[in-house]
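Below is one structure, written out as structure tokens; the observations come after it.
The values are calculated or read from the model by the stated rules, or taken from the named source; none is laboratory data. Given the structure is predicted, the values throughout are model-derived calculations rather than measurements. Cβ coordinates were reconstructed from backbone atoms using ideal geometry, including for glycine residues, and neighbour counts include every protein chain displayed.
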């Protein structure tokens, strides 16, 4: 785990150090990168010394980069840069930052399309600040675009509190989104004036035109692939993609840790780790006697693969006691009770390794429960047309059908409750670039709930 932060405007090391202080739980070492011209950058990571932090500059010194996370297959990109005459010398965690800085120096924003990994990064030049987030949103990144003429960003919203111009105010406009989705679709957040950088997007702040509102732009797209190959072909494609995804993330050294619920997704990940000859330590959660759990299924997996299982028990009192800490840790609210046991599992696992494998994201990638209602609606459409966007929002089983009863007219206006929430999902459901309605649903699963809820929690 790591963190980045920074600000445009007059350099102020004390502010950056205070921001990094609010992110101390994300790494042992920290560093502020200042320049007479251009934005200030801050970075924190579990590095042994500042010299090995994920911060570096391009060969010409004009581009500085800080990164939270890591790139996959970065050696190939380094070879390409070396072949183009760039001299690379960074070591340790700084290697990825050096690579991105030089790639941007040569190719500009097109460079972002070449990056494969789990990352959030910032690039600073004398006249620009650019923020970039990985394709699926594994690493968070937030920014406040208008603080007394400055733009401030950080891996967590709470770090923005350290900036003297930041005023903590709730964004009541986002409340009705939370009540319908159980999370807040970006770029809005529950804090007024704070934006979430969307997964697979980048944003540029032009220092020569600070009045210009930053616009988020995509650097990654999902495309539809429809063919007449037999089912066995696609089964093998999925299996190979899963093996590759696991292989990319296996740490070079140290213990291998996995969260195991006993469900299909986490069990498959643990099996793929075992297939590589690893012996993952599997953490599972129980809720005490008489309460529903899947420990028996998780135990079947660990016994079959002959790997270690450790069980943590979450009691009602522990659940309640953890809530204040979890609310502080989340920044933006997520209405999913699994967040509590996930937090406890992560806290225990972090004592042994900085990286954990799990099955989160399986539902969005392989269908998800919301698709069942929508597919049934399509099958029976001959009985009468229906509004796809309204049906999708109702399928969340939250408060979509009850907002009119929950809000007074005045409160609905103040919260943005009169804004059509259907506009958030309709572009996916009516995406003509995808001929298959199921693929449209899958696309929305990945981009909306997958990247903005599942991976965040």
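Residues checked against (1) under 22 Å from residue 2 (Cβ atoms); (2) under 19 Å from the mean Cα position of the chain (by Cα):
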| site | (1), (2) |
| --- | --- |
| 295 | no, no |
| 300 | no, no |
| 303 | no, no |
| 313 | no, no |
| 323 | no, no |
| 337 | no, yes |
| 342 | yes, yes |
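Looking only at region 176-213, which residues are within 28 Å of residue 412 (Cα to Cα), surrounded by fewer than 19 Cβ atoms within 10 Å (Cβ to Cβ) and more than 18 Å from the chain's Cα centre (by Cα)?
Passing the criteria: 192, 193, 213.
For region 303-322, how many residues are touching a helix residue (DSSP H, G or I) at 6+ places or on another chain (Cβ under 8 Å), in a helix (DSSP H, G or I) and within 30 Å of residue 278 (Cβ to Cβ)?
1
Out of the residues in region 111-135 that are in a loop (DSSP other than H, G, I, E, B) and touching a strand residue (DSSP E or B) at 6+ places or on another chain (Cβ under 8 Å), state the one that is farthest from residue 215 (Cα to Cα).
Checking each candidate, the answer is 116.
Taking region 163-175 as the region of interest, how many residues are in contact with a helix residue (DSSP H, G or I) (Cβ under 8 Å, 6 or more places away or on another chain), surrounded by fewer than 19 Cβ atoms within 10 Å (Cβ to Cβ) and in a loop (DSSP other than H, G, I, E, B)?
Selection size over region 163-175: 2.
Any idea which of 354, 369, 364 is under 30 Å from residue 273 (Cβ atoms) and free of Cβ contacts under 8 Å to residues at least 12 places away in the same chain?
Among 354, 369, 364, only 369 is under 30 Å from residue 273 (Cβ atoms) and free of Cβ contacts under 8 Å to residues at least 12 places away in the same chain.
Considering region 122-136 alone, what residues qualify as being within 27 Å of residue 449 (Cβ to Cβ) and in contact with a helix residue (DSSP H, G or I) (Cβ under 6 Å, 6 or more places away or on another chain)?
132, 136
Which helices (runs of 4 or more DSSP H) sit wholly inside region 1-110 and have at least 1 residues that are in contact with a strand residue (DSSP E or B) (Cβ under 8 Å, 6 or more places away or on another chain), modelled with pLDDT of 90 or more and surrounded by 22 or more Cβ atoms within 10 Å (Cβ to Cβ)? Even if it seems obvious, please write down each step before you answer.
Working: elements: 13-21, 74-83, 94-107.
So the answer is 13-21, 94-107.
Checking residue 252 against (1) within 24 Å of the chain's Cα centre (by Cα); (2) under 30 Å from residue 92 (Cα atoms); (3) part of a helix (DSSP H, G or I), which single condition isn't satisfied?
With respect to (1) within 24 Å of the chain's Cα centre (by Cα); (2) under 30 Å from residue 92 (Cα atoms); (3) part of a helix (DSSP H, G or I), residue 252 is out only on (3).
Among the helices (runs of 4 or more DSSP H) lying completely within region 369-439, list those that include at least 3 residues that are modelled with pLDDT of 85 or more, crowded, with 16+ Cβ neighbours inside 10 Å and under 30 Å from the mean Cα position of the chain (by Cα). Steps first, answer last, please.
Numbers: elements: 370-379, 388-394, 403-406, 409-415, 422-429.
Because the criterion is at least 3 residues that are modelled with pLDDT of 85 or more, crowded, with 16+ Cβ neighbours inside 10 Å and under 30 Å from the mean Cα position of the chain (by Cα), the helices (runs of 4 or more DSSP H) in region 369-439 that meet it are 388-394, 422-429.
Only one residue in 348, 306 is in the same structural domain as residue 259 (by TED's automatic domain parsing), within 28 Å of residue 238 (Cα to Cα), surrounded by fewer than 16 Cβ atoms within 10 Å (Cβ to Cβ) and at pLDDT 85 or above, so which one is that?
Matching residue, one of 348, 306: 306.
Please verify whether residue 357 is within 30 Å of residue 175 (Cβ to Cβ) and under 27 Å from the mean Cα position of the chain (by Cα), treating the condition exactly as stated.
No: the conditions fail for residue 357.
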